[in-house]
1. If Rh is defined by the Kirkwood formula over all Cα pairs and Rg also comes from Cα, what ratio Rg/Rh do you get for the stretch 275-431?
2. Could you tell me which chymotrypsin sites (Phe, Trp or Tyr not before Pro) in the stretch 149-248 are loop residues by DSSP with no more than 16 other beta carbons within 10 angstrom of their beta carbon?
3. Separation of the stretch 211-239 and the stretch 346-383 by C-alpha centroid, Å?
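Rule-based calculations on the coordinates, nothing more; no lab input. None of the values given here were measured: they were computed from a predicted structure. Every residue, glycine as well, gets a Cβ built from its backbone with ideal geometry; the counts of neighbours run over all protein chains shown.
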Amino acid sequence: MPSLNLGGVALERLWSSLQPSRNIQNGGSQSIYLRESANVYIYINDIYFTDIRLPPGRYQLEDLPLDQGSNDIRIEIRYQSGEREVINYSQFFNTRLLRSGISDFSLYAGVASNIVDTDYEYDTEQYVAQGYYEYGLTNHLTIGLNGAYHPEGQIVGGVINVGAPFGNIGSRFSGLTYEDESAVGSIASIDYEHSVFGNLGFSSPNLRLSYEVFTDYRATPWLTGADLLSGMRARGDYRYYVTSNIDYTLRGSWTLDRDQSESVYFGALEISWSPWDFKFTSSIEYEYDDATGIGETSYFFVARWDWFSSVDFYAASAEYQTRTNRVRGTFSKFSQSTPGGYGYELTAEYGENVQDYSVRGDYVGNRFTTELEYQAEIDDLTEERNQAVSARLSTAVSMLGSDIAWGRSYRGPAVIVDIHDTIEAPVLINGVSEEEPESIATRNLSGLVPIYGAHGSSTVYIDVPRHLWGMTMV
């Protein structure tokens with residue numbers, strides 16, 4: 001199924017939000033949603049690739065420049081408020097097994113949307129409906145159907161996932177029709193994953209294999225004018241852990257273009273060593289293309305140091321990699337999610353004929369967050385200097401019945417803390433054991449605090465240290 005950005009309506013089961021403590025063995029997503037401004041650090045095959053500063057919104061992972069072979073992508077998100085989140089994504093199909101009797105579904109309908117210069121743009125001529133339904137027949141067998149409709153192309157398919165003592169097997173098959181082509185496309189694949197020798201007790205699979213066959217196929221059927229491809233592709237990935245700090249990874253792939261009767265072969269061996277706060281990675285890669293008759297061997301080395309203090313919320317990193325021949329260093333302080341909290345980040349990157357520098361600072365108010373950023377890029381060849389200054393401010397106003405509250409931006413459920421007229425002192429919310437409160441409410445303006453576990457047990461602490469309670473306390 002193609003991954004889409006839509007502006008419209010959605011109907012979802014959303015087990016992970018409605019019942020976050022319930023295990024249905026569900027998988028991941030190909031998109032990330034940022035509920036506030038954040039630094040997004042991208043690692044491909046455990047190697048730092050790039051980082052960007054993004055405003056709130058939904059972003060797709062499709063446009064990342066991926067290497068051949070298996071590509072594991074780790075997204076580390078560091079929000080403006082100091083909260084951290086990690087998302088893992090793989091080109092290998094996630095063989096999702098639902099528990100017996102559990103079903104999962106989603107239905108989306110709307111028009112195509114994109115973020116251009118931090119603004120949402122909608123194409124009203126590109127309307128799409130897309131959905132899927134999956135059901136766990138047993139704890140070891142899950143079946144499902146999926147489909148997408150667009151006036152210029154359609155797709156319908158199914159999945160059968162099997163879990164066995166010797167590993168998980170996932171199969172997918174889809175048929176496609178096109179408005180601009182008379183051909184009917186098809187694609188079928190089978191994926192295998194298992195934890196085998198050398199996994200050092202880790203639960204995640206360290207052996208993954210995939211094979212797919214496609215005829216008159218293009219991933220997004222309504223992209224009129226795009227070529228239809230026929231061929232087959234196989235890829236594999238095996239990781240062997242010598243110790244928890246040393247591992248070897250063997251990756252390979254083979255792609256056949258049936259129309260041209262040409263193949264592309266790729267193989268790589270990667271060695272990683274992670275002592276203390278350091279990580280050293282060395283790799284050799286080989287690629288051969290029948291079309292050119294040329295084989296190319298490449299080597300690269302990456303040295304990286306990471307440090308983070310969970311007490312003071314300081315972080316630092318330094319990295320050098322031969323593939324891009326760049327040196328990069330950062331030092332930052334993350335702001336805590338309390339009124340008066342502040343943070344900053346200093347970044348410098350030096351490469352062949354290019355220098356990049358940035359300075360960013362942010363401040364957390366009681367009812368708003370703000371940040372200021374300066375960026376500079378210097379081209380040593382042309383002596384051209386590009387500079388940019390940006391500022392961001394975010395806040396939220398919530399209304400429940402006749403109660404109105406003003407606070408910092410949030411996503412999901414929240415609590416409005418309304419103060420009784422007899423209490424004149426400021427009310428501290430979620431300030432425990434003399435810690436700084438998350439927010440402050442007053443008699444004139446109610447407080448707004450998010451609940452981080454939807455439909456789960458949540459506790460909000462309220463304290464009024466300067467209020468004279470008298471002889472009774474409620």
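1. 1.17
2. Hits after loop and neighbour filter: Phe166, Phe197, Phe202.
3. So the separation of the two Cα centres works out to 39 Å.
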